[in-house]
Each structure stands twice: as C-alpha cells, then as structure tokens.
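Accompanying notes for the structure given below.
The values are calculated or read from the model by the stated rules, or taken from the named source; none is laboratory data. This structure is a prediction, so every number in the text was calculated from the model and none was measured. Please note: Cβ atoms are built from the backbone with ideal geometry, for glycine as well, and neighbour counts cover all protein chains shown. Note: areas computed on protein heavy atoms with side chains; ligands, DNA, RNA excluded. Shrake-Rupley method; radii C 1.70, N 1.55, O 1.52, S 1.80 Å.
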Amino acid sequence: MNLPLEPGSYLLVLTGAGISAESGIPTFRDADGLWQGHSLEEVASPEGFARDPRTVWRFYAERRADLASAAPNAGHRALVEVEERLGDRFLLVTQNVDGLHTAAGSRRVVELHGNLMRSRCTGCDRWPFKDSTVYRPNGLPICGRCRAKGRNALLRPDVVWFGEPMPRDGMLRIQAFVDAAGPRLRYLAVGTSGVVYPAAAFVDAVRGRGGQTWLVNAELPANADSFDHVEIGPAGTLLPALLASPAAAAAAL
Ligand code: BJW
C-alpha cells in the first residue's frame with residue numbers, strides 16, 4: 001500500500017519504541033514489560049525515582065550504554081525522505097528518547113517524552129544539558145552547581161515520566177500544525193502499543209477533525225480500531241513502501 005499524499009496535504013507522524021526495534025533497542029512492553037524484574041512504573045515515575053534513585057539511574061545508564069552502538073534503520077530513513085518532499089507540511093512526534101530520528105536526518109521533530117542523552121537537576125532551575133555519562137552502578141550523580149552552594153540535589157534524566165506533563169512547546173507545536181493542516185491532515189502512527197496517553201489519543205483527535213489515519217505496527221495495538229488503515233509488520237520494511245514518492249511507487253510496479 002502507498003499512503004496517498006495529494007498536493008497540499010500535511011503529514012503528522014507519531015513514532016514509538018517499535019521503530020527503533022530494528023536498530024537493536026528493546027521496546028517497553030514486547031517481552032514482559034519488565035526491566036530486571038522492575039515494572040516500568042517503578043523505573044519511569046517520579047515516585048519510583050524518589051523511592052529508589054539508584055535502580056532508576058541503573059536503568060537509564062544501561063540504556064545510554066546501549067544507545068552508543070545503535071544506528072538509525074530503514075524506517076527512520078523513510079521518514080527523512082518524506083519530510084524532504086513535504087517540508088513544513090511534515091511534523092514528526094516521537095515518544096522515543098533515543099534521538100535516532102535526528103541522527104537519521106529528520107529536522108521537524110517533537111521529542112514528546114524528552115531525550116535520554118540529557119540530564120537536569122531535581123533541585124535547581126538550570127537548563128537541561130547534554131549528558132551521555134553512563135553513571136557507575138552504585139553512584140548517584142549530584143548537580144555540580146547545587147554542590148557548589150552546599151546542597152546535594154540529584155540529577156535525573158531529562159525524560160517525561162508517568163504523571164508528568166508533556167513539554168509545553170512540543171504540544172503547542174503539534175496543535176499549530178494540526179490547525180494549519182485542517183482537513184488536509186494525514187496521520188501515521190508507527191511502532192507504538194497505543195496505551196500511553198496523551199499520544200495514544202492523537203489518532204482520535206485527528207479523526208475528530210476529519211483527517212485520515214494510518215498505522216504501521218508489528219501487531220495490533222490497543223487503539224487499532226481507531227485507525228482507517230492498518231498495516232501489520234516491521235516498520236523497516238513497511239515504511240519505505242508506504243511512504244515512497246508516487247514516481248518511485250509507480251516505478252516499483
Ligand atoms: C514494532 C516493531 C517493528 C515492535 N516495527 N512495530 C488517559 C487515560 C488513561 C491514563 C492516562 C490518560 N492520560 C494520562 C494518563 C496517565 C499516563 C498513561 O498514559 N497511563 C497509561 C499507561 C494507563 N500518562 C502519563 O502519565 C503522561 N503524562 C500525562 O498525561 O500528564 C498529564 C499532566 C498534565 C499536567 C500536569 C501533570 C500531568 C506521561 C507519560 C510518560 C510516559 N513515559 C515513558 C518513559 C519515557 C522515558 C523513557 O524512555 O524511559 O515513555 S513510559 C514508555 O511508554 C515510554 C514510551 O515512550 C511510552 C510508549 O511506549 P511505546 O513507544 O508505545 O512502546 P511499547 O513497547 O509499548 O510498544 C512498542 C510497539 O511496537 C508494540 O506494539 C510492538 O508490537 C511494536 N513493534 N517491533 C513495528 N519492528
């Protein structure tokens with residue numbers, strides 16, 4: 001199938017962990033949804049961090065280490081190509097914190113759940129900063145600025161945990177894009193289980209405005225019934241065909 005992008009149409013894409021699976025990055029819920037026996041809520045919530053910051057930092061340090069050897073795959077690259085055709089009529093919203101869309105060359109990206117390779121302080125308002133440090137298993141990172149003032153505030157990864165709000169600028173950007181697109185909006189969700197809000201509800205918002213909706217996923221997600229078109233399979237294989245330009249799609253016939 002080819003996703004028809006008539007002249008003037010807009011494409012809003014939502015990606016989840018599934019698009020990075022073929023880059024070797026584990027998804028959250030595919031196996032048993034556990035990390036070393038801990039539930040996702042234990043390692044991805046402010047309450048979990050307050051209770052056991054060492055375990056939470058071990059989870060993120062391990063993922064930082066894994067990311068060092070990961071590279072974008074054909075699914076990421078297919079999204080770069082369609083962005084090059086659509087320009088400002090394209091917006092990519094990712095729930096992933098791995099930065100692989102940007103590494104592939106995507107430019108119009110909203111990182112809805114933050115970025116794994118940034119940290120911020122839990123005690124002061126210093127700006128989030130790039131941080132690829134794989135903190136030692138038993139050490140806890142302390143903010144250097146707070147320490148200089150005699151305080152021991154912990155650093156935390158600059159990601160969005162359960163119960164925390166989405167970045168305001170990102171949500172405003174999505175709203176402005178949807179408003180500009182009006183009835184010319186096309187929506188594509190890729191590699192996401194459709195259980196985490198607000199992202200899981202984007203499809204209903206688009207349909208409520210008369211936009212058409214597509215899904216590419218390895219299996220039927222929780223919100224599959226909300227989509228007009230569903231393709232089941234690996235994103236790295238399906239996306240290049242779905243998003244091929246009309247000329248490329250015709251040549252492939
Ligand atoms: C492939 C594939 C291949 C595999 N090709 N496919 C409304 C109703 C009910 C609950 C809520 C609601 N509104 C809010 C909530 C609460 C909560 C929530 O959604 N809870 C539900 C779980 C019940 N939401 C929140 O708390 C959010 N905050 C919020 O709403 O704030 C409101 C607020 C306003 C004002 C003030 C204060 C608060 C925050 C959610 C944050 C989620 N954070 C995490 C961690 C991020 C950091 C990190 O990475 O560690 O985000 S949790 C985790 O889940 C991560 C992911 O981005 C997210 C989604 O997971 P994803 O991407 O879908 O991955 P998987 O593993 O679930 O699925 C992968 C899929 O890919 C599978 O289907 C595979 O089949 C498929 N796949 N290989 C294609 N090759």
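At a 1.4 Å probe radius, carbon and sulfur cover how many percent of the accessible area of the chain?
Looking at the chain in its full context, I get 53 percent from C and S.
For the pair residue 162/residue 126, report the inter-label distance in nm, with labels modelled 7 Å from Cα in the Cβ direction.
3.0 nm
How far, in degrees from 0 to 90, does helix 74-86 lean away from the longest principal axis of the Cα atoms of the chain, to the nearest 10?
Between the helix axis and the principal axis of the chain, the angle is about 60 degrees.
What does the extension gain come out to for residue 249 and residue 204, with contour length at 0.36 nm per residue minus their alpha carbon separation?
13.3 nm
Which cross-chain or sequence-distant (5 or more) residues have an amide H under 5 Å from the amide H of residue 230, H modelled 1.01 Å from N in plane?
The answer is 215.
Explain nothing, just compute: Karplus ³J(HN,Hα) = 6.51 cos²θ - 1.76 cosθ + 1.60, θ = phi - 60°, for every residue of the range 118-128 in order, whole Hz, x for Gly and Pro.
With coefficients 6.51, -1.76 and 1.60, one gets 10, 10, 8, 8, 7, x, 10, 9, 4, 5, x Hz.
Could you run the Karplus curve 6.51 cos²θ - 1.76 cosθ + 1.60 with θ = phi - 60° over the range 59-71 and give me ³J(HN,Hα) per residue in whole Hz, x for Gly and Pro?
Couplings: 4, 6, 5, 5, 5, 4, 5, 5, 5, 4, 10, 8, 10 Hz.
Give, in whole angstrom and from largest to smallest, the semi-axes √(5λ) of the equivalent ellipsoid of the range 120-236, with λ running over the eigenvalues of the Cα gyration tensor.
39, 18, 11
Answer rounded, prolate or oblate for the range 1-51, using the Cα gyration tensor with square roots of eigenvalues a ≥ b ≥ c: rounded when a/c is under 1.5, else prolate when a/b is larger than b/c, else oblate.
prolate
Amide H of residue 160: which non-local residues (sequence gap of 5 or more, or other chain) have their own amide H closer than 5 Å, using H built in the peptide plane?
Sorted by chain and number, the residues that satisfy this are 114.
Compare 130, 149 by solvent-accessible area with a 1.4 Å probe and give them largest first, with all protein chains kept in place.
The residues order as 130, 149, largest area first.
Quick one: accessible area per residue over the chain, 1.4 Å probe, rounded to a whole number of Å²?
Result: 49 Å² per residue.
How far apart, in nm, are two points set 7 Å out from the Cα along the Cα-to-Cβ line at residue 241 and at residue 52?
Result for the modelled spin labels: 4.4 nm.
What GluC sites (Glu not before Pro) does the range 1-107 have in DSSP loop regions with at most 13 other beta carbons within 10 Å?
Counting only loop positions with at most 13 other Cβ atoms within 10 Å, none of the GluC sites (Glu not before Pro) in the range 1-107 qualifies.
Å³ per residue of the Cα convex hull, for the chain?
125 Å³
Tell me the angle of helix 168-181 to the major Cα principal axis of the chain, expressed in degrees between 0 and 90 and rounded to the nearest ten.
Once rounded, the angle reads 10 degrees.
What does a probe at residue 136 reach in the range 47-80, counting residues whose amide N is under 20 Å from the point 7 Å along Cα→Cβ?
The answer is 53-66.
Using R₀ = 41 Å, calculate the FRET efficiency as 1/(1 + (r/R₀)^6) where r is the Cβ-Cβ separation of residue 66 and residue 86; round to 0.05.
Efficiency, rounded to the nearest 0.05: 0.80.
Using mean Cβ contacts within 10 Å as the protection proxy, how do 157-165, 100-108, 185-193 order, highest first?
185-193, 100-108, 157-165
Once you have a ≥ b ≥ c as the square roots of the Cα gyration tensor eigenvalues for the range 202-253, tell me rounded if a/c is under 1.5, and otherwise prolate or oblate according to whether a/b is larger than b/c.
oblate
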